[in-house]
1. Condition first: farther than 14 Å from Gly16 by Cα, in contact with a strand residue (DSSP E or B) (Cβ under 9 Å, 6 or more places away or on another chain) and in a helix (DSSP H, G or I). Now tell me which residues in the stretch 64-87 satisfy that.
2. Pairs please, first residue from the stretch 13-31 and without any contact (Cβ under 8 Å) to a residue 12 or more places away in the chain, second anywhere and hydroxyl-bearing (Ser, Thr, Tyr) and open to solvent by 50 Å² or more (accessible area, probe 1.4 Å), Cβ atoms under 8 Å, 6+ apart in sequence or on different chains.
3. Name every residue in the stretch 45-63 that is surrounded by 13 or more Cβ atoms within 10 Å (Cβ to Cβ), of a type in the set (A, V, I, L, M) and assigned to a loop (DSSP other than H, G, I, E, B), in order of residue number.
4. Collect the residues in the stretch 64-90 that are among the aliphatic types (A, V, I, L, M), crowded, with 19+ Cβ neighbours inside 10 Å and more than 12 Å from the chain's Cα centre (by Cα), keeping them in residue-number order.
5. Here are some residues: Val2, Val92, Val12, Val48. Which one is under 24 Å from Arg103 (Cβ atoms) and of a type in the set (A, V, I, L, M, F, W, C)?
6. Looking only at the stretch 28-44, how many residues end up being exposed (fewer than 13 other Cβ atoms within 10 Å of the Cβ) and part of a loop (DSSP other than H, G, I, E, B)?
7. Considering only residues that are of a type in the set (A, V, I, L, M) and open to solvent by 40 Å² or more (accessible area, probe 1.4 Å), look in the stretch 93-108 and name the one that is farthest from the chain's Cα centre (by Cα).
8. Give me a count of the residues in the stretch 88-105 that are touching a strand residue (DSSP E or B) at 6+ places or on another chain (Cβ under 7 Å), not in a helix (DSSP H, G or I) and not β-branched (Val, Ile, Thr).
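The values are calculated or read from the model by the stated rules, or taken from the named source; none is laboratory data. The structure presented is a predicted model; accordingly, all values stated were derived computationally and were not measured. Don't worry about glycine lacking a Cβ; one is built from the backbone with ideal geometry, like all the others, and counts go over all protein chains shown. Accessible surface areas use protein heavy atoms only, side chains included; no ligands, DNA or RNA. Shrake-Rupley method; radii C 1.70, N 1.55, O 1.52, S 1.80 Å.
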Amino acid sequence: QVQLVESGGGLVQPGGSLRLSCAASGSIVRIYTMAWYRQAPGKQRELVGSITSGASTTYADSVKGRFTISSDNAKNTVYLQMNSLKPEDTAVYYCYTAATILRTSGITAYWGQGTQVTVSS
């Protein structure tokens, strides 16, 4: 199995910054993709940004130019630098990975438990 531990959420004023981290551990053979999703109250979970093992990135249109996703493959860790935060960025942010693990065939998706980000004055 794979465990994802997120950190870095909290309360920040509009225009401020936060950096989320997510470390993956367990019987990992290979990580293909790591990503951040978010879910605001009453809304569906949405992709914020993703990064492949080859460092290709994608972003939701709503965060382009403000958020940056990066990873440290040696540490199986993904980061999300969030700048110029807006109240509409308020949500629970979830870490995601698609990976292969020991003694299991195929790629499996894993989710973290989520970290709250609140943007408010």
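1. Asn73, Lys75
2. none
3. Scanning the stretch 45-63 gives a single hit, Ala60.
4. Leu85, the sole residue that qualifies.
5. Val2
6. The number of residues fulfilling the criteria is 4.
7. Here the answer is Leu102.
8. Here the count works out to 8.
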